[in-house]
Amino acid sequence: MAVPKPNELLKIDHKPPKKWWMDTKPTFRPGTYSYPSKPKNIEILDMWNPREWSPTDEDWKLPEDWKERILEGFRDLLKKYRSLKVFMDICVRCGACADKCHFFIGSGDPKNMPVLRAELMRSVYRGEFTKAGQILGRWAGARELTYDVVKEWFYYFYQCTQCRRCSLFCPYGIDTAEIDLAGRHLLNLVGCNINWMMEPAANCYKVGNHIGIQPHSLKDMIDFFVEDIEDLTGVKIEVPFMKKGAEVLFVTPSGDFFADPGTYTFMGYLMLFHEIGLDYTMSYYAAEGGNFGFFTGTIENAKKLNAKIYAEAKRLGVKWILGGECGHMWRVVHQYMDTLTGPADFLEVPKSPITGTVFENARSTKMVHITEFTADLIKHGAIKLDPSRNAGIKATFHDSCNPSRGMGLFEEPRYVLKNVVPEFYDMPEDTIREKTFCCGSGSGLNNDEFMEMRMRGGLPRANAVKYVRDRYGVNTLSCVCAIDRAVLQPLVNYWVPGITVTGVHELVGNALVMKGEKKRTVNLRQEPIPGMEEEEGDV
Amino acid sequence: MRVVMPLFLVVGLALTAWVGWAIHLQGLFGVLVPYLAALIFVVGFCVKVVDWAKSAVPFKIPTTAGQQKSLPWIKHAKIESPFTTGQVILRMFFEVFFFRSLFRNVKGELRSGPSLIYGPTKWLWLSAIMFHYGFLMVILHHLRLATYPVPGPIALLDKIDAMFQIGAPPIYLSSLLLLIGVVALFLRRVLIPQVRYISLVNDYFPLFLIFGIVVSGMLMRYFVRTDIVAVKALVMGLVTFHPVVPEGIGAIFYIHLFLVCCLFAYFPFSKLMHMGGVFMSPTRNLPNNNRAVRHVNPWNPKVKLHTYEEWVEDYRDKLEEAGIPTD
Ligand code: SF4
Ligand code: SF4
């Protein structure tokens, strides 16, 4: 469906309507909601109520006991998550979080204010679980769980990218993403989930990567990369897969294998590993670092996918694990993996075989972020870099939400970047690092049918890019996230044309001076490098 | 309606106390109700906190607001991204005493172009600071009435506070702060359209209640002379569990006291519990040392994994044909 033109989209009214929010209902307008999961994906993941249905239908074919199921699930979550329980009780509705959400900024819909998104659930908590709420009803901000409430939840809980920007500004750290995850879990219980989240999760579970490419086809794709790299550099590399006894298992989001521009980032990793002679392996079975199961809010799904990484590390007998550029993968690896699927006591504390650096911060989980690893290499002068091979590039860096507010990874990628590009400019302070704005497409919302909301939600990010483009002539937006690589390009094309989106290791790959390489005249994208054109030959 | 109703409610409460005074129920309003309110407050508060504590903390989910501790040469943001318990305590300290997160507040404005402009905004932070510190000082002042002899620090606070003297008897800086704070918080709630939209009765009610308490307190101090000796006798009686009901205390005191009792009794059932909850918020009170120190989930879920062996069975032919090892 066509997304309205930017100037149309910009007619945003941030004033709330006359009608109070308990009296309004969402309209399922194309462009603002994601399609429901196909039954087969629900079945593969062994979840609830698989069926064909559409959000625009009157009847959502919920199971007969939908209400009991949700309420029972809710009670269960309140016992399992102190976060949820405390957050249900202590919001003072100060509104500090209200204008922090990119979806509110870009849509003006009051229910996209994090506080109100949370109230959608909190009102039910009061109405169903507290005495005051049951007696006073609306006067206590309480309401009953009705069929319409389920529909409203579906609409707004799948309009949150779980970016946690709101939680940064809340005086009590109330994390609407945490509430959103709980809300999605409750929706799962009655079979209301979206396909773009469930299908990748099902594929990762069953096949090993999110598109569901079978192992032998994946092998062919890797062979292509090897050929491309040889064409570009004259260096023939090997990509070890399923190699028992390697020192390191490398896991990256599978988007890097098959979607431009992630593929260039993937080539960057391969070139780097070859150049430093890393003894590593990858796996077709655990070929996915990303974790769409996490987005479902049903933590079992996150575990089903994440556990494959340790299982494979154990089977292959590696010493530690290296992880590629991905946003939510790192939220899961950093904050969940060890708890969920550890302890990884069969692995060793990660130690760079090149520099000898011991990654103390990964002492227990045994998994290191690629930019931590590369930053250490650069600091020790272990690789030779020639930034002039990125000539013409003026780069900025998009901090992905998850590594920012769920990990604190800020300096490592910047350090790497500054060493491989000739010019680097940060976006305005209030839009980067911990205050970074979401791409608008995270948490399973990077589907085409949701495009209008994605462009709205991405407005604040795009606008900050526009600022550095207009001011410094920035033309490259780099990031360390596979979803970002896929979604930021359409976003900037829409709001700030003339910007190229790249991964950090794509730029590393360009700058990396390899032993025995030929003179490079084009970059990994086969585009001519300014100042390095072929000397002789064609005009 | 969401604004007017709680206002009526507070006026009604004040009237109740006045009627009680008029028909000589001083014993009820001066002794029984305060004891009851104190009991509800203490028990309610504890029950709530225990209730929270009973829920598990399955994952370590701090919201990181600064550079993680990673490579030794990268500067670690110790407070914003705490690695040790000591650093977490520092983070909590700044959060609880200086409202760190509110201080961070920025306001975005969408202008034509389009361009989104951001700038710091400190109004909410300032109102909140005035309100809470005013409140704290006022409570400390009141300890004067409940102690004998008055401890040195309280007496000192009295002196400092009264230094910013306006008129006589001196208007305490603290009550002024509290009054301005409560009015500012109320005004932003009704004047900012988004905040008005999200506000509930439960948000206005405590504001009116506290406003009523401050106003009745100030009236008593500056306009309607109250027998302070008798008041002290009553309060001392309460805290030493030898309650007495001295003669000659005016209605205004009973109104003040009753509103205070209502606030205390209401506290555990309301959002005012944020006072306890802020300490228990998992996004703030946990260290960002996730990959270094394992956190244990008491209910860690068991799941059925699609194992390597099952996977190999799914693709055996294709794997073998492509020369991918299957052992
Ligand atoms: S900032 Fe926190 S307390 Fe304030 S409205 Fe938002 S969630 Fe509630
Ligand atoms: S987590 Fe992000 S998307 Fe969700 S409500 Fe908060 S700011 Fe909005």
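The values are calculated or read from the model by the stated rules, or taken from the named source; none is laboratory data. Because the structure is a prediction, the values reported are computed rather than measured. Using ideal geometry, Cβ is built from the backbone for each residue, glycine included, and neighbour counts are taken over all protein chains shown. We work out accessible area using only protein heavy atoms, side chains counted, and drop any ligands, DNA or RNA first. Shrake-Rupley method; radii C 1.70, N 1.55, O 1.52, S 1.80 Å.
Some points to look at:
- The listed residue being more than 9 Å from ligand 1 (Cβ to nearest atom) and farther than 18 Å from A:Glu144 by Cβ, out of A:Phe104, A:Phe87: A:Phe104
- Counting only helices (runs of 4 or more DSSP H) wholly contained in segment A:259-357, the ones carrying 1 or more residues that are over 15 Å from A:Ala201 (Cβ atoms) occupy A:262-276, A:299-316, A:328-332, A:338-341.
- Some residue of segment A:378-398 being within 13 Å of another protein chain (Cβ to nearest Cβ), closer than 29 Å to B:Pro82 by Cβ and buried (at least 24 other Cβ atoms within 10 Å of the Cβ): no
- Checking every residue in segment B:261-280 against the condition of being under 26 Å from the mean Cα position of the chain (by Cα), facing another protein chain (nearest Cβ under 7 Å), part of a loop (DSSP other than H, G, I, E, B) and modelled with pLDDT of 95 or more gives zero matches.
- Helices (runs of 4 or more DSSP H) within segment A:88-136 that include 1 or more residues within 10 Å of ligand 2 (Cβ to nearest atom): A:102-107, A:114-129
- Checked against the criterion of being facing chain B (nearest Cβ under 8 Å), touching a residue at least 24 places away in the same chain (Cβ under 8 Å) and within 30 Å of A:Asn463 (Cβ to Cβ), segment A:28-47 has no qualifying residue.
- Residue that is nearest to A:Leu45 (Cα to Cα), among those in segment B:267-303 that are open to solvent by 10 Å² or more (accessible area, probe 1.4 Å), away from ligand 1 (no atom under 16 Å from the Cβ) and basic (Lys, Arg): B:Lys302
Residue-wise test of (1) within 8 Å of ligand 2 (Cβ to nearest atom); (2) closer than 20 Å to A:Thr436 by Cβ; (3) of a type outside the set (Val, Ile, Thr).
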{"site": "A:Asp148", "(1), (2), (3)": "no, no, yes"}
{"site": "A:Phe154", "(1), (2), (3)": "no, no, yes"}
{"site": "A:Gln159", "(1), (2), (3)": "yes, yes, yes"}
{"site": "A:Cys163", "(1), (2), (3)": "yes, yes, yes"}
{"site": "A:Cys166", "(1), (2), (3)": "yes, yes, yes"}
{"site": "A:Phe169", "(1), (2), (3)": "no, yes, yes"}
{"site": "A:Glu178", "(1), (2), (3)": "no, yes, yes"}
{"site": "A:Gly183", "(1), (2), (3)": "no, no, yes"}
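- Candidates B:Asp327, B:Asp317 - the one that is more than 9 Å from chain A (Cβ to nearest Cβ), surrounded by fewer than 18 Cβ atoms within 10 Å (Cβ to Cβ) and acidic (Asp, Glu): B:Asp317
- Look at segment A:358-375: where a residue is assigned to a helix (DSSP H, G or I) and a partner is among the aromatic types (Phe, Trp, Tyr) and open to solvent by 20 Å² or more (accessible area, probe 1.4 Å), sitting 6+ places away or on another chain with Cβ atoms under 7 Å, you get A:Ala375/A:Tyr415.
- If the condition is being assigned to a loop (DSSP other than H, G, I, E, B) and touching a residue at least 60 places away in the same chain (Cβ under 8 Å), then segment B:209-249 contributes B:Pro243, B:Val245, B:Ile249.
- Test for A:Val420: is it over 12 Å from A:Thr396 (Cα atoms), assigned by the TED database to the domain that holds A:Met407, β-branched (Val, Ile, Thr) and in contact (Cβ under 8 Å) with a residue 40 or more places away in the chain: yes
- Scanning segment B:66-84 for residues that are more than 7 Å from chain A (Cβ to nearest Cβ) and open to solvent by less than 10 Å² (accessible area, probe 1.4 Å) turns up just one, B:Pro82.
Condition check ((1) open to solvent by less than 30 Å² (accessible area, probe 1.4 Å); (2) among the aliphatic types (A, V, I, L, M); (3) in contact with a Cys (Cβ under 7 Å, 6 or more places away or on another chain)) across all residues:
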residue: B:Ile213; (1), (2), (3): yes, yes, no
residue: B:Gly237; (1), (2), (3): yes, no, no
residue: B:His242; (1), (2), (3): no, no, no
residue: B:His256; (1), (2), (3): yes, no, no
residue: B:Val260; (1), (2), (3): no, yes, no
residue: B:Ala265; (1), (2), (3): yes, yes, no
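- Residue match in segment A:287-310 (condition: surrounded by fewer than 24 Cβ atoms within 10 Å (Cβ to Cβ), modelled with pLDDT under 95 and among the charged types (D, E, K, R)): no
- The listed residue being out of contact with any His (no Cβ under 6 Å at 6 or more places or on another chain), acidic (Asp, Glu) and more than 10 Å from chain B (Cβ to nearest Cβ), out of A:Glu325, A:Glu300: A:Glu325
- Among helices (runs of 4 or more DSSP H) entirely within segment A:452-512, having at least 1 residues that are closer than 21 Å to A:Phe103 by Cα and either of a type in the set (S, T, N, Q) or open to solvent by less than 10 Å² (accessible area, probe 1.4 Å) (or both) singles out A:459-472, A:482-495.
- Candidate set from segment A:111-139 (those that are surrounded by fewer than 22 Cβ atoms within 10 Å (Cβ to Cβ) and at the interface with another protein chain (Cβ under 9 Å from one of its Cβ atoms)); member that is farthest from ligand 1 (Cβ to nearest atom): A:Lys131
- When residues of segment A:78-87 are limited to those that are within 7 Å of chain B (Cβ to nearest Cβ) and assigned to a helix (DSSP H, G or I), the one most open to solvent (accessible area, probe 1.4 Å): A:Lys79
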